[in-house]
Every structure is written in C-alpha cells, then in structure tokens.
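**Student:** Following this message is one structure expressed as structure tokens.
The values are calculated or read from the model by the stated rules, or taken from the named source; none is laboratory data. Everything numeric in this text was worked out from a predicted model, so none of it was measured. Ideal geometry is used to build each Cβ from the backbone, glycine not excepted, and the neighbour counts take in all protein chains shown.
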Ligand SMILES: [Zn+2]
Ligand SMILES: [Zn+2]
C-alpha cells in the first residue's frame, strides 16, 4: 500500500510550510468573511469628517476675526481725531477700535416700562414658550418661538469719557453689528390660563403652551461701548461704519480686552472641537484601512497556500504515476483514489476519505487548512 508513504510525504510537506499564521488567518477570515467597512463605520467616518470640515471652517474664520481684531488700530476720541483722519490717506482707517460712551444726537428713546430710562436702541421681544411632546423620546421639551420683535433706533454717537472733549463719533447702522449686546431693562412672563378642556386638548395635540415672555432691551445713554469698524471723516463728521468685506463690525458693552478674550475663547472652543472630531475621523479611517489590509493579506496567503497544495498534489501524482484524468474532483486529496467521505468540523472541508482520516496522526488536523479537527461527520452518497 502506498497510502501511508504518501501520507507521510504529505505531512512532511505540510510541516515545511509556514502554515500556522496562514491557517489562523483563514479561520479568522471565515468568521469575519468580508474586509469591507460596515455601514456604522461608514456613517461614523462620514459624520466625523463632515463635522471636522464644518468646525474647521468656523475655527478658521473666528481665528481670522481675532487676528484682525488684534491688528485693528486703537483710536481714542479726542480733539486730534479729526486732524488725524484728515491726514490719513482716504480720510479713513479701515479697521479701528473706538471706546466711548453713548451720546444722543437729537432725540432719545424712552423705556416703555421703566421711568427715566433713556436710550438710543430699544428692542421689544415677545417669545412664546411651550412644551412640545417628543414622540421619539416620550418627553415634553421646552421650546421658544419669537412671535414678535421690534427694534427702534435713533441716531447716536460715541463720545469721550471726559466731558470736556466735544469730539464724537457717529455710529452708522448699529444693527449690522455682530455681538450687539443690549441691556435687559424689563422682563415679564404672562402664563397661559389653563382650563380643564384646554389641558385635555393639549395632551391630544402634543403641544402645551406655557405663556408669553416679554422683554425690553436697550442701549442706554452713557453706556460704555466699544466699537470696531471703519472710521471715516465725511464732511466734518466722524463716522464709525460697517467695515469692508471680511472684517466684522462689533458694537459691544464689553471693553476691548474683554471682547478680545471672549472672541479668543470661542476660537479655542472651535479648535478643540475640530481636533476631537479630526482625531475621530482619522482613527476611523485608519481602522477601516487596517481591516482592509489584514483582509487582503489573509486572502492572499490562503490563495497561495491552496495553489501550493495543488502543485504538491500534481507532483505526487507524477511520482506515483497516477493519471491526472483518473483523479476526479471528488477524489480524496490524500490518497487520490477513494472518494471523499467525511466532513471535518469546524473548518467544514470535505477533502479526505475515512481511511485517510483514520491514518492522520494525532492531534488530527485538516489537510487543507491545518485547522484542528474537533468532529468528523461521515458523508453518505446515495
Ligand atoms: Zn484517502
Ligand atoms: Zn480544513
């Protein structure tokens, strides 16, 4: 019988092969059959990349704003201001910082709720507050909706803190300013009157009104204000107006240093968000690429192993003078003569006859993939 000899050769050949890693890889591959990224991974990658891009662009524009704010020319309101501007080319400082107090030009606005409260900007806001039933989370959420807003302005100027200095800077289009923070002068909440039938109706509709929030905000006379914008001398009138494209117009009750600090903090926040989401996007991408690489390497190893196995089989057929045509696809891969008659588990290969299986040395391993054979199930061809 040439079977034991053949088997011996076969096992010798296998031991020469550096199979263990490849076999483990093959087993692993069967469990995790595709190297393609999962939908969840793609969603995480897409979301984190998109958010990184959005946060980065916000960060970039905020950083530019802060840089320009730092470079803006600090101008103080004094008698020389007019001379300074008339000597400047174009009679204009493209981006200037002015600190001063609010002075009225002609008329003033009076608060509708507070006595002796005069200002130059007055904003009335009515907000409807209600609870809305969220069908997903099964919770009542607070929502606010502005139902009415009206802003009144009168022309105003910024003057020096020193009353002896008459020079003022007229503020043009104050409502165009970013960060126009007004002082809340009046606030009131009018709760909705609830009757029983209303309450039932609200539960059915999923909307429960709470009430109306009324506020009055003002920029008052004598308020200290920092304005950052374009400073021009126009017919003997010094004006602070919205700057050229790309520069932000500021009008705030903060001083210059606090404004700079506040803007700097927001830059930091957007930078942190960009970095965090950038790291998330990069690591997801690296993880997906690594999975692809591992999958590719494993399938390549497995293919080359199978090819080697087939070549070895052909060699043995030549050695034993077995006709290639006499070996059918269902012939046992070890003895090349009998029919394959058992399934090896867990790998699932059907590659040997029962006699060759019995002749395998312990611990018995699959001749194709070298996985340990835990169980063997006989095949019955009928
Ligand atoms: Zn056999
Ligand atoms: Zn196997």
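**Student:** Which condition number does residue 280 fail, the rest of (1) within 16 Å of ligand 2 (Cβ to nearest atom); (2) buried (at least 17 other Cβ atoms within 10 Å of the Cβ); (3) within 51 Å of the chain's Cα centre (by Cα) being met?
**Tutor:** (1)
**Student:** While we're looking at this one, here's another question. Counting just the residues of region 342-380 that are more than 15 Å from ligand 1 (Cβ to nearest atom), on the phi < 0 side of the Ramachandran plot and assigned to a loop (DSSP other than H, G, I, E, B), which one comes out surrounded by the most Cβ atoms within 10 Å (Cβ to Cβ)?
**Tutor:** Only one residue tops the list, namely 369.
**Student:** Within region 190-210, track down each residue that is farther than 19 Å from residue 139 by Cα and either in a strand (DSSP E or B) or at pLDDT 90 or above (or both).
**Tutor:** Of all residues in region 190-210, those farther than 19 Å from residue 139 by Cα come to 190-198.
Once the filter is applied, which keeps residues that are farther than 19 Å from residue 139 by Cα and either in a strand (DSSP E or B) or at pLDDT 90 or above (or both), region 190-210 yields 190, 191.
**Student:** Now, a different point. Among the residues of region 339-371, which ones are away from ligand 2 (no atom under 13 Å from the Cβ), in contact with a strand residue (DSSP E or B) (Cβ under 8 Å, 6 or more places away or on another chain) and under 19 Å from residue 312 (Cβ atoms)?
**Tutor:** Of everything in region 339-371, just one residue is away from ligand 2 (no atom under 13 Å from the Cβ), in contact with a strand residue (DSSP E or B) (Cβ under 8 Å, 6 or more places away or on another chain) and under 19 Å from residue 312 (Cβ atoms), namely 353.
**Student:** Going by the structure shown, is residue 161 over 24 Å from residue 112 (Cβ atoms) and buried (at least 17 other Cβ atoms within 10 Å of the Cβ)?
**Tutor:** Judged against the criteria, residue 161 is not a match.
**Student:** Could you list, in sequence order, the residues of region 329-341 that are at pLDDT below 85, within 13 Å of ligand 1 (Cβ to nearest atom) and surrounded by fewer than 16 Cβ atoms within 10 Å (Cβ to Cβ)?
**Tutor:** The one that is at pLDDT below 85, within 13 Å of ligand 1 (Cβ to nearest atom) and surrounded by fewer than 16 Cβ atoms within 10 Å (Cβ to Cβ): 330.
**Student:** Being in contact (Cβ under 8 Å) with a residue 24 or more places away in the chain, part of a strand (DSSP E or B), surrounded by 18 or more Cβ atoms within 10 Å (Cβ to Cβ) and in the same structural domain as residue 103 (by TED's automatic domain parsing) narrows it down to one residue among 230, 214, 187; which is it?
**Tutor:** Residue meeting the stated conditions: 230.
**Student:** Right, something else. From (1) in contact with a strand residue (DSSP E or B) (Cβ under 6 Å, 6 or more places away or on another chain); (2) at pLDDT 90 or above; (3) under 30 Å from residue 245 (Cα atoms), pick out the condition that doesn't hold for residue 214.
**Tutor:** For residue 214, the failing item is (3).
**Student:** While we're on this one: Specify the residue that is farthest from residue 170 (Cα to Cα); the eligible residues are those in region 45-64 that are in contact with a helix residue (DSSP H, G or I) (Cβ under 7 Å, 6 or more places away or on another chain) and surrounded by fewer than 19 Cβ atoms within 10 Å (Cβ to Cβ). Reasoning before the result, please.
**Tutor:** Residues of region 45-64 that are in contact with a helix residue (DSSP H, G or I) (Cβ under 7 Å, 6 or more places away or on another chain), as a first pass: 45, 48-49, 51-52, 55-56, 58-59, 62-63.
Filter once more, keeping what is surrounded by fewer than 19 Cβ atoms within 10 Å (Cβ to Cβ): 49, 51, 56, 58, 63.
Numbers: 49: 46, 51: 41, 56: 36, 58: 31, 63: 29 Å.
Only one residue fits best here, namely 49.
**Student:** From the list 139, 175, which one is touching a residue at least 24 places away in the same chain (Cβ under 8 Å), loosely packed, with under 14 Cβ neighbours inside 10 Å, in the same structural domain as residue 96 (by TED's automatic domain parsing) and over 16 Å from residue 222 (Cα atoms)?
**Tutor:** Only one candidate passes the filter, namely 175.
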